[in-house]
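Report on the structure given below.
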């Protein structure tokens, strides 16, 4: 059995514990919408990530639209200060949230994805104003009524599962 999710492995610990697969090297989970394939002991087998420059581009757009942005790297969520507070921490209590100004966001790490979590009506209105070229450069989609995800291009659970065939013996 392979669990696939848009969340980080840390956010799935409770489920892996229940399944009896937590921490096991011979068990796998595909996380971040297919962007990260890893063993349940945390060992990374393959990944597709956003560079800090990508996060800067996404941040510029969300700031222009008055949207909050959280940048996620493994189990850490960098909650970037914005006029409108992100709701992401309300839905992911297992993750480590770090409040930061954009200028202080670490530039020496990669990011698995970014998310915008805000009330549905405001989000839906803002989505209509996202610059069209960004949809060419990133996978941008709503995964919940109040959650917009910004992922590396070609990042999907299907692609993550396909790329993991080598590890699963196919």
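The values are calculated or read from the model by the stated rules, or taken from the named source; none is laboratory data. What you see is a predicted model; the values in this text were computed from it and never measured. Cβ placement follows ideal geometry from the backbone for every residue including glycine, while neighbour counts extend to all protein chains displayed.
Residues 18, 26: which one is over 27 Å from residue 128 (Cα atoms), loosely packed, with under 15 Cβ neighbours inside 10 Å and in contact (Cβ under 8 Å) with a residue 12 or more places away in the chain?
The match here is 26.
On the given criteria, is residue 91 touching a residue at least 12 places away in the same chain (Cβ under 8 Å), closer than 25 Å to residue 4 by Cβ and touching a strand residue (DSSP E or B) at 6+ places or on another chain (Cβ under 6 Å)?
Answer is no for this residue.
Suppose we keep only residues that are within 21 Å of the chain's Cα centre (by Cα) and either free of Cβ contacts under 8 Å to residues at least 60 places away in the same chain or part of a loop (DSSP other than H, G, I, E, B) (or both) within segment 1-11. Which one would you say is farthest from residue 139 (Cα to Cα)?
2
Any idea which of 98, 109, 130 is under 18 Å from residue 65 (Cα atoms), in contact with a strand residue (DSSP E or B) (Cβ under 8 Å, 6 or more places away or on another chain) and touching a residue at least 12 places away in the same chain (Cβ under 8 Å)?
Going through 98, 109, 130 in turn, just one is under 18 Å from residue 65 (Cα atoms), in contact with a strand residue (DSSP E or B) (Cβ under 8 Å, 6 or more places away or on another chain) and touching a residue at least 12 places away in the same chain (Cβ under 8 Å): 130.
Does residue 82 qualify as being surrounded by fewer than 21 Cβ atoms within 10 Å (Cβ to Cβ), touching a residue at least 60 places away in the same chain (Cβ under 8 Å), touching a strand residue (DSSP E or B) at 6+ places or on another chain (Cβ under 9 Å) and on the phi < 0 side of the Ramachandran plot?
no
Among the residues of segment 43-71, write down those that are at pLDDT 95 or above and closer than 21 Å to residue 95 by Cβ.
50, 52, 54, 55, 58, 59, 62, 67, 68, 69, 70, 71
Anything in segment 43-76 that is touching a residue at least 24 places away in the same chain (Cβ under 8 Å), under 30 Å from residue 24 (Cβ atoms) and touching a strand residue (DSSP E or B) at 6+ places or on another chain (Cβ under 8 Å)? List them, or say none.
Matches in segment 43-76: 45, 46, 47, 48, 49, 50, 70, 71, 72, 73, 75.
Please enumerate the residues belonging to segment 39-75 that are surrounded by fewer than 17 Cβ atoms within 10 Å (Cβ to Cβ) and assigned to a strand (DSSP E or B).
44, 45, 46
Pull up segment 76-133, narrow it to residues that are assigned to a helix (DSSP H, G or I) and under 28 Å from residue 17 (Cα atoms), then point me to the one that is modelled with the lowest pLDDT.
Once the filter is applied, the top-ranked residue is 91.
Could you tell me how many of the residues in segment 87-117 are over 14 Å from residue 55 (Cα atoms), within 14 Å of the chain's Cα centre (by Cα) and buried (at least 17 other Cβ atoms within 10 Å of the Cβ)?
Residues in segment 87-117 being over 14 Å from residue 55 (Cα atoms), within 14 Å of the chain's Cα centre (by Cα) and buried (at least 17 other Cβ atoms within 10 Å of the Cβ): 4 in total.
Filtering segment 16-33 down to residues that are assigned to a helix (DSSP H, G or I) and closer than 12 Å to residue 2 by Cα, which residue is modelled with the lowest pLDDT?
16
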